[in-house]
């Protein structure tokens, strides 16, 4: 297999030769007959999103989730150019969480696409704040203090695939939990938290490494200077997950966060909800009593209110937004969606770059400055063409 396109960064038009699921060589030269892509197509390592709650009407935490539905989500993601992602199971009862994680693990056992594209599982909650504001749309009745034995049941159900765990460090027992979980290689991320700055520092000292959707899942009003957002932004040890949809963070805040963290410690995430990809409208009773509304612009809110209830835009919009709203170049915006997630998850030895010996997991798209969406041409996972645009 040969992929033809321009490398993001230097703009060189190359032929990427693929063999046995890996990149064999990257060569300059004329187009190869039958190559996928073209001289006007950008080629990058596969876009990776470490926070995906569901898509296409399928929720990873739904009580009625099936293995077949979990596998079906891969088709939705591939169409948007996302080649790898972390299915995210949010706050629920222990029984529901264990069931959901087991189904996701079963999907990996039964589907090559799921096994190769699920970069690991992200568990967001239930050890988060019970306060209105920091709790966000997570159900109050299931928020609780960390329980190590419960977490081990989660990890067993997941087949050891939990790679990110979001919690609030102010919960009783959180610091001990962070230390134990991070020692196993799980990335502990601070999120849905109202912790005082000193507790943030303590959490970092015992192993916390990331902030989940920094600036969201927070109080509407807080102290001007000593607060948990500034503390996380100023911590060099913490990576920042940020949502670049233009709704969760105003462009000026997105720019400030990106400048504060720098490219080296930023990962952009979609945080898409289950109704992402569907037609605009009001859907079910998935979060609030009145259901949730997917707007024409991709914003998701509690129906009839201005309050956010998840995200509806994929990273094919988030990447151009980074270029439009911040100092990021296209190369920078691609890095925070490809090589950075690989580094965060400790997977940079096999994914994250378009180089020989790396996995042939690639995203192909057309884009020019001013476009608000990547025009996805194809998605390749371990040398398999899993999506091509008609």
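Every number in this text was worked out from the coordinates using simple rules, so none of it is lab data. These numbers come from a predicted model, not from an experiment. Ideal geometry is used to build each Cβ from the backbone, glycine not excepted, and the neighbour counts take in all protein chains shown.
When a/c is below 1.5 the answer is rounded, else prolate if a/b is larger than b/c, else oblate, so apply that to the range 340-382 with a ≥ b ≥ c taken from the square roots of the Cα gyration tensor eigenvalues. Present the calculation step by step, with values, prior to reporting the outcome.
Details: a/c = 2.89, a/b = 1.80, b/c = 1.60.
Prolate, since a/c reaches 1.5 and a/b exceeds b/c.
Hey, could you grab the Kirkwood Rh for the range 280-390? Inverse mean 1/r over distinct alpha carbon pairs, Å, one decimal. Before the final figure, lay out each step's value.
Details: mean 1/r = 0.0615 Å⁻¹.
It is 16.3 Å.
Quickly rank 322-329, 336-343 as a protection proxy: mean count of other C-beta atoms within 10 Å, highest first. Don't skip to the answer; put the middle values down first.
Working: 322-329: 19.4, 336-343: 24.8.
Final packing ranking: 336-343, 322-329.
Relative contact order of the range 232-354: what whole-number percent is it, with Cα pairs under 8 angstrom and at least 6 residues apart? Spell out each step's value before the answer.
Working: 197 pairs, mean separation 30.2, N = 123.
Relative CO of the range 232-354 lands at 25 percent.
If we sort 178-191, 45-58 on the protection proxy, mean other Cβ atoms within 10 Å, highest first, what's the order?
Values: 178-191: 20.2, 45-58: 25.7.
Listed from highest to lowest mean packing, they are 45-58, 178-191.
List the relative contact order of the chain as a percent without decimals, with contacts defined as Cα pairs under 8 Å and 6+ residues apart.
Working: 928 pairs, mean separation 78.9, N = 390.
Once normalised by length, the contact order is 20 percent.
Tell me the label-point distance for the pair residue 205, residue 95, using the 7 Å Cα-to-Cβ offset, in nm and rounded to one decimal.
4.1 nm
Can you give the Rg to Rh ratio for the range 2-59, taking only C-alpha atoms and Rh from Kirkwood?
Values: Rg = 14.7 Å, Rh = 13.1 Å.
Using Cα coordinates only, the ratio equals 1.13.
Using the basic label-point model (7 angstrom from Cα toward the beta carbon), what is the residue 278 to residue 264 distance in nanometres?
Result: 4.3 nm between the two label points.
Can you give the angle from 0 to 90° between the axis of helix 148-157 and the longest principal axis of the chain, with both taken from C-alpha atoms, to the nearest 10?
Taking the Cα atoms of the chain, the angle to 148-157 is about 30 degrees.
In terms of the Cα gyration tensor, with a ≥ b ≥ c the square roots of its eigenvalues, is the range 305-346 rounded because a/c is under 1.5, prolate because a/b exceeds b/c, or oblate?
Working: a/c = 2.84, a/b = 1.47, b/c = 1.93.
The shape class here is oblate.
Could you work out how far helix 251-261 tilts from the main Cα principal axis of the chain, as a 0 to 90 degree angle to the nearest 10?
On a 0 to 90 degree scale, this one is about 90.
Enter the angle in degrees (range 0 to 90, nearest 10) between the Cα long axis of helix 174-183 and the first principal axis of the Cα atoms of the chain, meaning the one along which they spread out most.
Approximately 30 degrees, to the nearest ten.
Express as a percent, rounded to the nearest 5, the fraction of DSSP beta bridges in the range 47-351 (both residues included) that run antiparallel. Show your work: numbers first, answer last.
Details: 10 of 35 bridges.
If we restrict to bridges inside the range 47-351, about 30 percent are antiparallel.
In nm², what is the average projected area of the convex hull enclosing the Cα atoms of the range 177-298? Don't jump to the answer; show the numbers that get you there.
Numbers: hull surface 36.4 nm².
Hull-based average projected area comes out at 9.1 nm².
Separation of the range 333-384 and the range 44-121 by C-alpha centroid, Å?
Going from one Cα centre to the other spans 19 Å.
Which whole-number percentage describes the relative contact order of the range 208-271, with Cα contacts under 8 Å and a sequence gap of 6 or more? Walk me through the intermediate numbers first.
Values: 68 pairs, mean separation 25.6, N = 64.
Relative contact order comes out at 40 percent.
Can you show me the helix-derived [θ] at 222 nm for the chain, built from DSSP H runs with n ≥ 4 at -39,500 (n - 2.57) apiece and divided by the number of residues, rounded to the nearest 500.
That comes out to -8000 deg cm²/dmol.
Using per-residue counts of other Cβ atoms within 10 Å, averaged over each peptide, order 99-111, 293-305 from highest down.
Working: 99-111: 19.9, 293-305: 16.8.
Output ranking for 99-111, 293-305: 99-111, 293-305.
Could you list the square roots of 5 times each eigenvalue of the Cα gyration tensor of the chain, that is, the equivalent ellipsoid semi-axes, sorted largest first and rounded to whole Å? The partial results should precede the final answer.
On the way: eigenvalues 212, 98, 88 Å².
Over the Cα atoms of the chain, the semi-axes work out to 33, 22, 21 Å.
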